[in-house]
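The values are calculated or read from the model by the stated rules, or taken from the named source; none is laboratory data. Keep in mind the model is a prediction, meaning the values are calculated, not measured. Here the Cβ positions follow ideal geometry from the backbone for every residue, glycine too, while neighbour counts run over all protein chains shown.
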Amino acid sequence: MKEYPQNLYMIVFPINALVASQLNPYQFAEHYTIGSTKHYRGKVIFAEIDIKFRDQYFDIDYYLSQTVPHENGQPKKTKFISSYSVLEHVDLKAIKHLYLVTPNGKALQIDPAEYTAKNDPGMVRVYQEITPLTNLVASTLDQRSFGKYITKETRSKGCPKLFFTQYELNVTEFLKYNQNRDLMHSPIPDSNPQRLFDYLLELKENPEKKTKTISLSSTLLEASYLLIRHGFWFADGEELVFFPMPTLKQLENEYYDWWKHVR
């Protein structure tokens, strides 16, 4: 019988789960989006986890022992290890790659990189918390400070570890365009433009305030990957693991097979 390698994947959107699989990342992406009727249909984001990673919260060895080929020789596609409180128990150093998957199953691999951007203090940004929180948040904190604030400095709005992104939005232009308009427009889908306007204006006028929650539900289901600014972050206090989004030029020239499916 043919041997297949075993892999560990952590799904971070639309759910948070740790999964064992004998599929490679690109096969896993297709299977989870278009290959099985019992799985999700739509955008998916998942990370490849070091196969050597262990934490007492997960019974990884037990489920890997069940991740073996079927009697007909086909690989075991998915074996769920945990579907609750997963990111909180994963060592960020064990995250090898991040995969962005289109609704038709095309995956883009992103590798971690050092985040070196110099951020203007007090600049207002819009963050989409992805897991375990799903809030759409406006903030005067830069990415490093925001990740630390949510994971270590607030109990009412926080969580032990966080996966989040930033949306591309020129706040000054947005406020100017929508000022005195009866019918406002938000470039972020599934968000209330009036609330977005009011909260962004409040933060611009009160830079000492750290955050304003625009929405409790995720907008990522409808938002295009085109909206992503910089990339994605995993945060745990001072520890920040950054996965940079390729530039538009890179997407068009190097990753066109994926890019052509993004809307």
Give just the number: which of (1) surrounded by fewer than 18 Cβ atoms within 10 Å (Cβ to Cβ); (2) in contact (Cβ under 8 Å) with a residue 12 or more places away in the chain does residue 162 not satisfy?
(1)
Suppose we keep only residues that are within 23 Å of residue 110 (Cα to Cα) and modelled with pLDDT under 95 within region 40-69. Which one would you say is nearest to the chain's Cα centre (by Cα)?
43
Odd one out for residue 117 among (1) within 30 Å of residue 208 (Cα to Cα); (2) surrounded by 17 or more Cβ atoms within 10 Å (Cβ to Cβ); (3) not assigned by TED's automatic domain parsing to the domain that holds residue 227:
(2)
What do you reckon, is residue 26 hydroxyl-bearing (Ser, Thr, Tyr), modelled with pLDDT of 95 or more and under 30 Å from residue 250 (Cα atoms)?
yes
Suppose we filter region 79-117 for residues that are under 23 Å from residue 4 (Cβ atoms) and touching a His at 6+ places or on another chain (Cβ under 7 Å); how many remain?
2
Residue list for region 137-156, filter: out of contact with any Leu (no Cβ under 8 Å at 6 or more places or on another chain) and closer than 22 Å to residue 186 by Cβ
137, 141, 146
In region 83-120, what count of residues is obtained for those that are on the phi > 0 side of the Ramachandran plot and in a strand (DSSP E or B)?
0
Just to be sure I understand, how many residues within region 218-240 are surrounded by fewer than 20 Cβ atoms within 10 Å (Cβ to Cβ), under 12 Å from the mean Cα position of the chain (by Cα) and aliphatic (A, V, I, L, M)?
2
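For every residue, the table says whether it meets (1) more than 24 Å from residue 120 (Cβ to Cβ); (2) at pLDDT 95 or above; (3) small (Gly, Ala, Ser).
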residue: 179; (1), (2), (3): no, no, no
residue: 189; (1), (2), (3): yes, no, no
residue: 192; (1), (2), (3): yes, no, no
residue: 199; (1), (2), (3): no, yes, no
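Of the residues 227, 203, only one is at pLDDT 95 or above, closer than 18 Å to residue 99 by Cα, in the same structural domain as residue 149 (by TED's automatic domain parsing) and among the aliphatic types (A, V, I, L, M); which?
227
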Flag for residue 129 being among the acidic types (Asp, Glu), modelled with pLDDT of 95 or more and touching a Phe, Trp or Tyr at 6+ places or on another chain (Cβ under 6 Å)
yes
